[in-house]
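Here is the structure we will look at, set down as structure tokens.
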Amino acid sequence: MALAMNDFAEVQPELPDRDQSDIDPVAATPLTVQTVALMILAGIAVLWALWVSAEFVVPLLLAVALKQVLQPAMHFLSDRIRLPAWVSAFLLVLALFGLVAGIGLAIAVPASGWIAKAPQGLQTLEDQLSKLRVPVAAVQHYIQQAQHLTEPPGAAGNVTVVATQTPTGLGSVGLSMLLSTRQLLGRLFVLVLMLFFMLAAGDSMLRKLVEAVPRFEQKKHVVYITHEIERNVSVYLATITVINAAVGVVTGCAMYLCGISDPLLWGTVAFLLNYIPIVGPLIGIAIMFLVGLLTFGHPLPALLTALIYLGVHIAEAQIMTPLLMARRFTLSPLIVIISLFFWYWMWGISGALLSVPLLATMKIVCDRIPSLAALGHMLGAANQRLNSAQEQ
């Protein structure tokens, strides 16, 4: 790949001898204040369009990601077994969503039961924490006495203590979950249709893109770069899916060994939360602690359950992910957390799930296109940038 990129780069110095029609108009445009302003306005317009069209864009991106994961199976059915493209696409979509529907039906009843017991767990936690009320009240009393000593004379009578009551918020959380579920179910039909036609279409879009490119050498580079991007994105998405599935299996087995019922539910929860970096494991720790509290009725066994889940996540992050990913697709933690909060702000839970796949896809694309290599370099982790610098 590096040799092909260098051969393509060697053609660039000959640009002044070419016709004016061959010069890239974007590269020839001077970077002026007006150009920067137009780029900023264009970026704002794109973000606004993505936010407004979330009902269409989110299923589209999910379909693209699933297509990349299912692409090896699609090639096997179409090329090896010689099934028609639409038959292969139909079988894969049926198998995928049949599996999702089966797991969803299996965990629906246990999940509703645990949600119904959530107020009981919060009450148990409140009862356990009530033992700390006396020392906490004493600390608050000493803090108020210190504040009175630092106030000027005559100002103590103007102090007003405002008592605030923190609502549990369980009703609002349940309503939010129901609304999110309704939105996801509403997008499911669009997702299924898009995924089916993307799989059935195959390489037709690539062929049309190649036909639109005028020069033969450029056609070869378009095909090569497109195949490289598709292959690396497919490998990345399939790898993180396998890693998350392994985390789900290990978590479910650990919950079963700890004596917690419905291990399939907690394995599925761990599988989905592992797609959300940093925040997902933190939410998982809180969920496992509450589940342990509902099961055992005491904070210490519940804390042990949460620590077991934390240990599984640490083992995945420090051993399994570096081993399988071979540090080729490591991303900057700062960029990851910015991407997470940004896409959550844009699209909610769906955006949080898509944040890392979108960021990794952007890095893979930037690494394969010479003009975007600097941006791909910025998205990488510090150790990856150091390794690439040493290789150079």
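For region 194-229, how many residues meet the condition of being loosely packed, with under 13 Cβ neighbours inside 10 Å and under 24 Å from residue 359 (Cβ atoms)?
Looking only at that region, the number is 1.
Exactly one of (1) surrounded by 14 or more Cβ atoms within 10 Å (Cβ to Cβ); (2) modelled with pLDDT of 85 or more; (3) within 18 Å of residue 253 (Cβ to Cβ) is unmet by residue 280. Its number?
It fails just one condition, (3).
Results for (1) out of contact with any strand residue (DSSP E or B) (no Cβ under 7 Å at 6 or more places or on another chain); (2) modelled with pLDDT under 85; (3) surrounded by 10 or more Cβ atoms within 10 Å (Cβ to Cβ); (4) β-branched (Val, Ile, Thr), shown as yes or no for each residue.
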| site | (1), (2), (3), (4) |
| --- | --- |
| 30 | yes, yes, no, no |
| 46 | yes, no, yes, yes |
| 51 | yes, no, yes, no |
| 74 | yes, no, yes, no |
| 98 | yes, no, yes, no |
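I'd like to check which helices (runs of 4 or more DSSP H) are fully inside region 235-315 and have at least 2 residues that are closer than 17 Å to residue 107 by Cα. Break it down stepwise before answering.
Working: elements: 263-273, 279-296, 299-315.
Answer list for region 235-315: 263-273, 279-296.
Every residue, every condition in (1) surrounded by fewer than 16 Cβ atoms within 10 Å (Cβ to Cβ); (2) touching a residue at least 60 places away in the same chain (Cβ under 8 Å), yes or no:
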site: 231; (1), (2): yes, no
site: 237; (1), (2): no, yes
site: 286; (1), (2): yes, no
site: 302; (1), (2): no, no
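Hey, residue 331 hits all of (1) at pLDDT 85 or above; (2) in contact with a strand residue (DSSP E or B) (Cβ under 7 Å, 6 or more places away or on another chain); (3) of a type in the set (A, V, I, L, M) but one; which does it fall short on?
Failing condition for residue 331: (1).
Going through 326, 373 one at a time, which residue ends up being more than 14 Å from the chain's Cα centre (by Cα) and either at pLDDT below 80 or not hydrophobic (A, V, I, L, M, F, W, C) (or both)? Spell out how you get there, then give the answer.
Numbers: 373 fails: either at pLDDT below 80 or not hydrophobic (A, V, I, L, M, F, W, C) (or both).
Answer to the check: 326.
Please specify each residue of region 244-275 satisfying the condition of being within 14 Å of the chain's Cα centre (by Cα) and either surrounded by fewer than 20 Cβ atoms within 10 Å (Cβ to Cβ) or without any contact (Cβ under 8 Å) to a residue 24 or more places away in the chain (or both). Quick ask: steps written out before the conclusion?
As a first pass, look at region 244-275 and keep what is within 14 Å of the chain's Cα centre (by Cα): 244, 270-275.
Residues satisfying the conditions are 244, 272, 273, 275.
The values are calculated or read from the model by the stated rules, or taken from the named source; none is laboratory data. Please read these numbers as outputs of a predicted model, since none were measured by experiment. Every residue, glycine as well, gets a Cβ built from its backbone with ideal geometry; the counts of neighbours run over all protein chains shown.
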